[in-house]
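Novice: The structure's right below; bear with me while I get my questions together.
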Amino acid sequence: MSFDPDALRAEFPALSQTGTVYLDNAATTHKPQAVLAAMTRFYQQDNANVHRGAHRLSARATRAFEGARHQLAEFLNAPASEEVIFTGGTTDGMNLLASSLGQMVLTPGDSVLIDGWAHHASIVPWQQAALRAGAQLVPIPLSERGDLDEAAFMALLQDKPKVVVLTQICNALGSRTPLARWLPLARQAGALTVVDGAQAVGHEPVDLQRLGCDFYAFSGHKMYGPTGIGVLWGRADLLDAMPPYRFGGEMIHKVSFEQTSFNTLPFKFEAGTPAIAQAIGLGAAAHWLQQQDRAAMARHEAQLLARARTGLSQLDGVTLYSAFDDNVGALAFNLDGEHHQDVGIWLDQAGIAVRCGHHCCQPLMQQLGIRGSCRMSVAAYNSEEEIEAFLAALNDYQEFLYDDA
Ligand SMILES: Cc1ncc(COP(=O)(O)O)c(C=O)c1O
């Protein structure tokens, strides 16, 4: 297994066709030909609904769809494939969990702990579930150093939270939550643990049996797969005990006008026709990633970020919010005195795509004392030349400002 950044890049048609230096990978990644082909093949050769047809096309579609579930179970090293629930993405998975698990375990006076750099997709569903139950959502604050405050976390665990929700890698900063230390602490305190893995799955292998959480949610489109599909993985005993979230076809066992009994896992949580082609595309993305040298991909991404970090720190008047050099995927920054949107527009005019704003992390922005930032984020197909182009465009911007003064 070898990693050749140029060869990998050539597998992504959008990179040559859009003519953009794409540094907005934390928002969504481009898709390799293998994923595009799997989805087109499904529509051209196997298109039918799943689990319900008497005909051979439906059997083929079902095989491909359930094959994708198996592929994802293997990709995640999940104990069983029926624990892999297809969702619309991380947001959808968190809504399912907060609604269903929240209904099962939260009672008045309970607390749910959540890290201070969580995405709105985690914060809002759990906040609303807590409100419905008369419970409280409690944030784990940032420390002076800019990471999550471990002492505060330990102190908050004394209150015996029912659920602890942790973001594996913060999308706004690229910082890591120390899951290897924190998940055992949360479980020792008797909490159920939920991990938002949206920003991790595309950058590093995830081994659920090693990680030791109770639930794990992510989106396909951030790991080279399609939009509209993601996974919520959960421990089978918990998923079995949880009430269904959405109701309709496929999730039932028996229906009368008086009552309904529900299907087994994973179907209990997959009401209606699923996103079949997208699930197959996500299975193809998982397979594609499993065939790559992921350690080499991660090293390449780390080198790109290190170069961007050095380049940014050499520019005058740059505030870097990504404080640690083990950041994954993303760097956040502002140019002093400049609105982040203005910087984004300048970069766009230079053909460089970054994200500007609050990154769906308004509580984090409040803690940092800013309204927003620019964020550049890399994937394995990015090149050193692209990082140089990004730095050169920022340098030009500063020269333009200086000339204007
Ligand atoms: C850390 C994190 N969690 C959740 C989400 C929400 O993902 P989606 O919009 O695919 O549901 C994102 C998307 O940016 C994210 O970065």
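Novice: Cα centroid distance between the range 289-337 and the range 149-168, in Å?
Specialist: Answer, in whole Å: 28.
Novice: Could you work out [θ]222 nm for the chain from helices alone, using -39500 (n - 2.57) per DSSP H run of at least four and dividing by all its residues? Round to the nearest 500 deg cm²/dmol.
Specialist: After summing the helix terms and dividing by the residues of the chain, the value is -13000 deg cm²/dmol.
Novice: Same structure, new question: Full-extension gain between Tyr43 and Gln158, please, as 0.36 nm times their residue separation minus the C-alpha to C-alpha distance.
Specialist: Full extension from Tyr43 to Gln158 adds 36.1 nm.
Novice: A further question follows. What distance in nm separates the two pseudo spin-label positions at Phe3 and Arg246, each 7 Å out from Cα along the beta-carbon direction?
Specialist: 3.6
Novice: If you count the DSSP beta bridges with both ends in the chain, what percent of them are antiparallel, to the nearest 5?
Specialist: So the antiparallel bridges amount to about 55 percent of the total.
Novice: Mind checking the dipole of the range 91-157: about its Cα centre, +1 per Lys or Arg Cβ, -1 per Asp or Glu Cβ, Debye to the nearest 20?
Specialist: Approximately 260 debye in magnitude.
Novice: I'd like to know which of Leu312, His30, Thr273 lies farthest towards the positive end of the charge dipole of the chain, counting +1 on Cβ of Lys and Arg and -1 on Cβ of Asp and Glu.
Specialist: Most positive-ward Cα: Thr273.
Novice: What FRET efficiency, computed as 1/(1 + (r/R0)^6) with R0 = 45 Å and r the Cβ-Cβ distance, is obtained for Leu57 and Gln362, rounded to the nearest 0.05?
Specialist: 0.45
Novice: Percent relative contact order of the range 262-390, based on C-alpha pairs within less than 8 angstrom and at least six residues apart?
Specialist: Relative CO of the range 262-390 lands at 23 percent.
Novice: What number, in percent, do you get for the relative contact order of the chain if the mean sequence gap of Cα pairs under 8 Å and at least 6 apart is divided by its residue count?
Specialist: It rounds to 23 percent for the chain.
Novice: On to the next question. Count the net charge of all other residues whose Cβ sits under 12 Å from the Cβ of Ala308, scoring Lys and Arg as +1 and Asp and Glu as -1.
Specialist: So the surrounding residues net to -2.
Novice: Nearest 20 debye, what's the magnitude of the dipole of the chain about its Cα centre given +1 on Lys and Arg Cβ and -1 on Asp and Glu Cβ?
Specialist: 1740
Novice: Multiplying the sequence separation of Asp325 and His70 by 0.36 nm and subtracting their Cα-Cα distance, what value in nm do you get?
Specialist: This chain segment gains 88.3 nm when fully extended.
Novice: Between the range 124-140 and the range 1-67, how many Å separate their Cα centres?
Specialist: Centre-to-centre distance over Cα atoms comes out at 37 Å.
Novice: In terms of Cα to Cα distance under 28 Å, which lysines are near enough to Lys162, apart from those fewer than 8 places away along the same chain?
Specialist: Lys268
Novice: Net charge near Gln188: determine it from the other residues with C-beta under 13 Å of the C-beta of Gln188, scoring Lys and Arg +1 and Asp and Glu -1.
Specialist: +3
Novice: A follow-up question, please. Extending each Cα 7 Å along its Cβ direction at Arg307 and Ala236, get the distance between those two points in nm, one decimal.
Specialist: Once both label points are built, they end up 4.7 nm from each other.
Novice: Straight-line reach from Lys222: which lysines fall under 16 Å, measuring Cα to Cα and dropping same-chain residues less than 8 apart?
Specialist: Excluding near neighbours in sequence, the set is Lys31.
Novice: Still on this structure: In vacuo Debye scattering of the chain, one point per C-alpha: log10 I(q)/I(0) at q = 0.06, 0.10, 0.13 Å⁻¹?
Specialist: Log-scaled intensity ratios, in q order: -0.25, -0.70, -1.12.
Novice: To continue, here is another question. What nm distance separates the two modelled labels at Thr273 and Gln290, each placed 7 Å from Cα along Cα→Cβ?
Specialist: 2.8
Read-outs throughout are calculated quantities, based only on the coordinates presented, and are distinct from any laboratory measurement. Worth saying up front: this structure is predicted, and the values here are computed from it rather than measured. When we count neighbours, we look across all protein chains shown, and the Cβ atoms used for this are built from the backbone with ideal geometry, even at glycine.
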